Amino acid sequence: MDPIKIKIGIIGGSGLDNPEIIDNRVEKVVNTPYGNPSDVLIEGTIKGVDCVLLARHGRSHSIMPSTVNYRANIWALKHLNCTHLIVSTATGSLREEISPGSVVIIDNFIDRTTKRAQTFYDGNEASPWGVCHIPMEPAFCDRTRKVIIDTAKNLGISVFEKGTVCTIEGPRFSSKAESKVFQQWGCDLVNMTTVPEVVLAKEAGLCYAAIALATDYDCWRESGEKVSVPEVLAMFKKNVEKVTRILVEVVPNIAKQDWTDTITELRNTVNQSIMLPHTP
C-alpha cells in the first residue's frame, strides 16, 4: 500500500488566522450539505507541504462561537482531502500555574454547549446514511499532539503537554460560580469552540489536535484582573507569534512521517461506529 498523502488543515481562532503563513495561496469556495463554511478556504503550502487555512470566525471575525458552522467547516476541509487538522484556540485558564500567555496542547474536553449539531449523520437526505456513535477516547489524536509537543520543545517554547478544556456555549464569559465548578470538575481551561469541532473532526476521520493559548485567568481568582475583551486581545497580540511559529514548524514535521496506519485505523473506527438502518 502506498503511503497516504498528507494534507494539513489549519483552523485559526481569534487572531490566529493569518493567511500570510501560507505560500502559493489560492482561495477555494466549497459548498457543503450543511451550508457555507465560515469563509473561503485558502489552499497553498507551508514549507512545501500542502495545507488549507480556514478562519473559524471568518476573516472579519463576524461569526460568534454559537453560530460557527462547524459541520460545514469540517466537511469542507475533508472535501479538500485534508488528513490532519491543527487548530488554535483562545482559552481562559482555570489553574494558577497556567498563566496568561501559556500554551497548552489539549488532550480532553468537557462539553457545556447546548445549541450545536455534533454529527454529520443527522438523518437528512443529503447527509451520510446511518447513525454514528463515535467514541471520544482519545478525544484528540495523540500522535499528532506528540509531534506538536516535540516541535515546541525544539523551538524552545514551553508548553503544557496535557489539559482538559471545558467548552461553554458563549458568547458570554463564565460567572465566578461556573468557573469554580469547572475547576472542581478537573478542567484546566475554558473556551467556546473546541466542541463540536473535535467531535466532527473525529467523525470525519481526521487527525485533530489543538494548540490552546491561555489569554486570561477567567474569573475564579479572588484578586487580579477579570477576563475582558481588551485583556484577551492584548494577550493575543503579545503571544500570537509563539503559536504561529509552532504551526509553521509542525507542518513539515508531520509530513515527514508515514501516517498510513494511523489514518487507516481512525477511518476504520469511524466505519465501525456507524449503525445502518435495517428492515424489520
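Every number in this text was worked out from the coordinates using simple rules, so none of it is lab data. Predicted model only: the values in this text are computed from it and were never measured. As a convention, Cβ positions derive from the backbone with ideal geometry for all residues, glycine included, and neighbour counts pool all protein chains shown.
Laid out as a table, the results:
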quantity	calculated
Kirkwood hydrodynamic radius (C-alpha pairs) into Stokes-Einstein, segment 31-73, 20 °C and 1.002 mPa s, D in µm²/s	191 µm²/s
Backbone HN-Hα couplings from phi across segment 202-208 [Karplus 6.51/-1.76/1.60, Hz, Gly and Pro as x]	5, 4, 7, x, 9, 6, 10
Unit charges on C-beta of K, R, D, E only; dipole of the chain, Debye	220 debye
Leading residue at positive end of dipole, the chain (Cβ point charges), from Met275, Phe173, Leu53	Phe173
All-pairs Cα distance distribution in segment 1-92, expressed in whole percent, bin size 5 Å	3, 15, 25, 27, 17, 8, 4, 1, 0
Prolate/oblate/rounded label for segment 153-280 (Cα gyration tensor, a/c 1.5)	oblate
Karplus-derived 3J(HN,Hα), 6.51/-1.76/1.60, for each residue of segment 87-93, Hz, glycine and proline x	10, 10, 8, 7, 9, x, 7
Surface/4 of the Cα convex hull for segment 25-181, nm²	11.2 nm²
Only Lys, Arg (+1) and Asp, Glu (-1) charged, at Cβ; segment 111-230 dipole about Cα centre in debye	220 debye
Percent of alpha-carbon pairs separated by more than 28 Å within the chain	33 percent
